[in-house]
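Heads up, the thing below is written out as structure tokens.
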Amino acid sequence: MSYQKLEQIEGEALKHFQQAQNSKELYDQKVRFLGKSGSLTEVMKEMGHLSKEEKPFFGKKVNETKQKLEQAYVDAEEKLKRREIEDRMHQEELDMTLPATHAPAGGPHPVYSVMEEIFTIMSRLGYSLRTGPLVERDYYNFEALNIPQNHPARDMQDTFFIDESHVLRTHTSPIQIHSLESEAPPLRIIGTGSVFRCDSDISHLPHFHQIEGMCVDRKVSMADLKGTITFFVSEFFGPGLKTRFRPSFFPFTEPSAEVDCQCPLCKGKGCSLCKQSGWIEIGGAGLINPKVFEFAKINYPDWQGFAFGFGLERMAIIKYGIEDIRLLPENDIRFLRQMSL
Ligand code: DAH
């Protein structure tokens with residue numbers, strides 16, 4: 001037993017602690033030198049053979065060595081841990097310059113875009129949005145709009161009946177009645193949404209969308225209606241497009257008109273979209289029939305009004321030059337991608 005051996009163990013242990021490549025290797029070295037049957041422990045066991053005089057000195061030296069090695073172990077462990085963390089951070093480093101993976105995003109449907117655009121334009125004239133139920137009472141869809149039961153005017157709109165007194169609404173005009181019943185004039189409202197008709201061919205869809213406008217005030221004339229629609233048409237289709245009213249009939253307006261606008265594609269010269277006429281029909285309009293005010297219990301002529309109704313699919317095909325109206329409900333993704341502007 002000698003100091004020399006102790007120094008040798010210390011030197012060896014320090015060297016191996018330093019050289020350990022990972023926590024496991026380091027721990028193995030700890031066991032080898034400081035463990036139950038490690039070299040230093042063996043030395044301590046052999047101390048029994050020392051003389052009384054030698055024992056305290058050597059014992060002190062052994063303890064010092066033990067403490068030193070234990071500290072060296074802690075330091076080495078700390079160093080390794082830090083290195084392991086650094087290595088991991090290096091491996092998991094994010095490369096912010098890599099191009100992002102492409103996630104295809106949806107976009108608004110052209111009919112929805114048209115609806116939103118119309119609403120934005122009309123809100124500048126003080127109109128605000130209303131909706132209504134898709135399944136309507138016969139009363140709101142027909143009666144209160146001055147279309148009595150068994151009246152020939154009902155033939156204008158082929159109807160899906162739910163039962164005797166309920167229908168899938170055939171137009172957005174019932175929204176006018178809901179508003180007249182529940183709100184106090186003056187009113188400027190836009191009503192929009194799905195409508196349903198029991199027919200389907202090249203130019204008719206069983207499910208389509210309409211936008212309805214209604215203005216109720218003290219004094220309202222055809223000139224106000226024409227001014228409003230002319231403003232709307234030039235904002236929506238482009239400046240300078242003329243608007244034309246043709247006499248027509250709707251039970252809920254008197255007088256009534258079909259509204260045409262100059263073809264936005266050829267600017268009135270004549271093309272295939274407007275069938276060479278230079279004009280395109282966009283919907284119906286008129287002054288609210290006093291009978292409608294009577295149903296809604298509004299005093300006419302204290303209050304007067306105009307209303308109009310346009311088909312959104314029609315507005316979309318005119319605006320975007322879509323050749324076939326049926327492309328809109330089909331929702332073929334290739335078509336929708338071309339439309340997402
Ligand atoms: N509701 C009519 C239809 O679907 C369109 C319409 C015409 C609405 C004249 C109106 C209007 O508000 O005044 O055929």
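The values are calculated or read from the model by the stated rules, or taken from the named source; none is laboratory data. Keep in mind it's a predicted model, so treat the numbers as computed, not measured. Every residue, glycine as well, gets a Cβ built from its backbone with ideal geometry; the counts of neighbours run over all protein chains shown. Areas reflect the complete protein model, heavy atoms only, side chains present, ligands, DNA and RNA absent. Shrake-Rupley method; radii C 1.70, N 1.55, O 1.52, S 1.80 Å.
Does residue 81 satisfy being open to solvent by 100 Å² or more (accessible area, probe 1.4 Å), touching a residue at least 40 places away in the same chain (Cβ under 8 Å) and under 51 Å from the mean Cα position of the chain (by Cα)?
Yes, satisfied.
Does at least one position in the stretch 244-258 carry a residue that is at pLDDT 95 or above and on the phi > 0 side of the Ramachandran plot?
No; the residues of the stretch 244-258 include none that is at pLDDT 95 or above and on the phi > 0 side of the Ramachandran plot.
Condition test on residue 219, is it open to solvent by 30 Å² or more (accessible area, probe 1.4 Å), more than 13 Å from the ligand (Cβ to nearest atom) and modelled with pLDDT under 95?
Spelling it out, it is not the case that residue 219 is open to solvent by 30 Å² or more (accessible area, probe 1.4 Å), more than 13 Å from the ligand (Cβ to nearest atom) and modelled with pLDDT under 95.
Please count how many residues of the stretch 151-170 are within 18 Å of residue 295 (Cα to Cα) and either open to solvent by 80 Å² or more (accessible area, probe 1.4 Å) or touching a residue at least 60 places away in the same chain (Cβ under 8 Å) (or both).
Residues flagged as within 18 Å of residue 295 (Cα to Cα) and either open to solvent by 80 Å² or more (accessible area, probe 1.4 Å) or touching a residue at least 60 places away in the same chain (Cβ under 8 Å) (or both) within the stretch 151-170 amount to 2.
Checking residue 291 against (1) away from the ligand (no atom under 11 Å from the Cβ); (2) within 36 Å of the chain's Cα centre (by Cα); (3) at pLDDT 95 or above, which single condition isn't satisfied?
With respect to (1) away from the ligand (no atom under 11 Å from the Cβ); (2) within 36 Å of the chain's Cα centre (by Cα); (3) at pLDDT 95 or above, residue 291 is out only on (2).
Inside the stretch 294-306, can you point out the residues that are within 10 Å of the ligand (Cβ to nearest atom) and over 35 Å from the mean Cα position of the chain (by Cα)?
Residue satisfying the conditions is 305 alone.
Considering every residue within the stretch 223-240, establish whether at least one is modelled with pLDDT of 95 or more, within 26 Å of residue 126 (Cα to Cα) and surrounded by fewer than 14 Cβ atoms within 10 Å (Cβ to Cβ).
yes
If I filter the stretch 108-128 down to residues being open to solvent by less than 80 Å² (accessible area, probe 1.4 Å) and not in a helix (DSSP H, G or I), which single residue comes out as farthest from residue 179 (Cα to Cα)?
109
Which of the residues spanning the stretch 29-56 are surrounded by 14 or more Cβ atoms within 10 Å (Cβ to Cβ) and under 17 Å from residue 75 (Cα atoms)?
The answer is 29, 30, 33, 34.
Of the residues 278, 191, only one is in the same structural domain as residue 128 (by TED's automatic domain parsing) and buried (at least 20 other Cβ atoms within 10 Å of the Cβ); which?
After applying the criteria, what remains is 191.
Residues are listed down the side, and each one gets a yes or a no for (1) open to solvent by 20 Å² or more (accessible area, probe 1.4 Å); (2) in contact with a strand residue (DSSP E or B) (Cβ under 6 Å, 6 or more places away or on another chain); (3) in a helix (DSSP H, G or I); (4) within 16 Å of the ligand (Cβ to nearest atom):
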{"residue": "273", "(1), (2), (3), (4)": "yes, no, no, no"}
{"residue": "282", "(1), (2), (3), (4)": "no, yes, no, yes"}
{"residue": "308", "(1), (2), (3), (4)": "no, yes, no, yes"}
{"residue": "328", "(1), (2), (3), (4)": "no, no, yes, no"}
{"residue": "334", "(1), (2), (3), (4)": "yes, no, yes, no"}
{"residue": "338", "(1), (2), (3), (4)": "yes, no, yes, no"}
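Looking at the stretch 242-262 only, could you name the residues that are open to solvent by less than 20 Å² (accessible area, probe 1.4 Å) and out of contact with any Gly (no Cβ under 8 Å at 6 or more places or on another chain)?
Those that are open to solvent by less than 20 Å² (accessible area, probe 1.4 Å) and out of contact with any Gly (no Cβ under 8 Å at 6 or more places or on another chain): 243, 251, 260, 261.
Residues are listed down the side, and each one gets a yes or a no for (1) among the charged types (D, E, K, R); (2) in contact with a strand residue (DSSP E or B) (Cβ under 7 Å, 6 or more places away or on another chain):
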{"residue": "88", "(1), (2)": "yes, no"}
{"residue": "96", "(1), (2)": "no, no"}
{"residue": "102", "(1), (2)": "no, no"}
{"residue": "128", "(1), (2)": "no, yes"}
{"residue": "149", "(1), (2)": "no, no"}
{"residue": "153", "(1), (2)": "no, no"}
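Any idea which of 204, 209 is within 13 Å of the ligand (Cβ to nearest atom), touching a Ser or Thr at 6+ places or on another chain (Cβ under 9 Å) and closer than 27 Å to residue 328 by Cα?
From the options 204, 209, the qualifying one is 209.
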